[in-house]
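The values are calculated or read from the model by the stated rules, or taken from the named source; none is laboratory data. Just so it is clear, the structure is predicted and the values come from calculations on it, not from any experiment. All Cβ positions, even for glycine, are placed from backbone atoms using ideal geometry, and neighbour counts span all protein chains on display.
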Amino acid sequence: MTQVQCQKMLGRNEFYKCPFSHTHPRHEQAFFKNFDSHFSIFRNRDDHFQVIRLHAELMWEIRRSESEKRNLTEQDLHEISLKAWLEAIKQHTGKAVQVVVKK
């Protein structure tokens, strides 16, 4: 397992590991490739919902700041969202997101 310090594209067999406990931590529900999907599925849990709210706040601030400098493309928005997810999890848990290689 490695910790994600910056934005990166996941490889074919790489997954993010959810920093929160899941009923079956080794089951696939704890591993995901898409933050939006994972956190919306588990939004009824307080820990996940708090990260969703923090992500929205961070995303707004980063997007506002960047849009004042230049026009944003879809790729820019995707990168900003990823950056906001990583920062939201780090702020909420105090730990960086881990990337796991599954075979």
Task: Conditions (1) farther than 19 Å from PHE15 by Cβ; (2) surrounded by fewer than 17 Cβ atoms within 10 Å (Cβ to Cβ); (3) not charged (D, E, K, R); number of the one not met by ALA84 - done: (2)
Open item on the list: Among the numbered criteria (1) in contact with a strand residue (DSSP E or B) (Cβ under 9 Å, 6 or more places away or on another chain); (2) exposed (fewer than 14 other Cβ atoms within 10 Å of the Cβ), which one does SER65 miss?
Closed with: (1)
- [ ] Considering every residue within the range 80-89, establish whether at least one is farther than 18 Å from SER37 by Cβ, touching an Asp or Glu at 6+ places or on another chain (Cβ under 8 Å), touching a residue at least 24 places away in the same chain (Cβ under 8 Å) and not β-branched (Val, Ile, Thr).
- [x] no
TODO: Sort out which residues of the range 1-50 are acidic (Asp, Glu) and either modelled with pLDDT under 90 or part of a helix (DSSP H, G or I) (or both), and write them in order of number.
DONE: GLU28, ASP36, ASP46, ASP47
Task: Scope the range 59-103; condition assigned to a helix (DSSP H, G or I), among the polar types (S, T, N, Q) and out of contact with any Pro (no Cβ under 9 Å at 6 or more places or on another chain); matching residues - done: SER65, SER67, GLN75, SER81, GLN91
Open item on the list: Can you list residue pairs whose Cβ atoms sit under 6 Å apart, with the first residue in the range 49-73 being under 25 Å from PRO19 (Cα atoms) and without any contact (Cβ under 8 Å) to a residue 24 or more places away in the chain and the second being surrounded by 13 or more Cβ atoms within 10 Å (Cβ to Cβ) and small (Gly, Ala, Ser)? Count only pairs 6 or more apart in sequence or on different chains.
Closed with: ILE62/ALA84
- [ ] Filter the range 68-81 for residues that are surrounded by fewer than 17 Cβ atoms within 10 Å (Cβ to Cβ) and within 18 Å of SER40 (Cα to Cα) and give the result.
- [x] HIS78
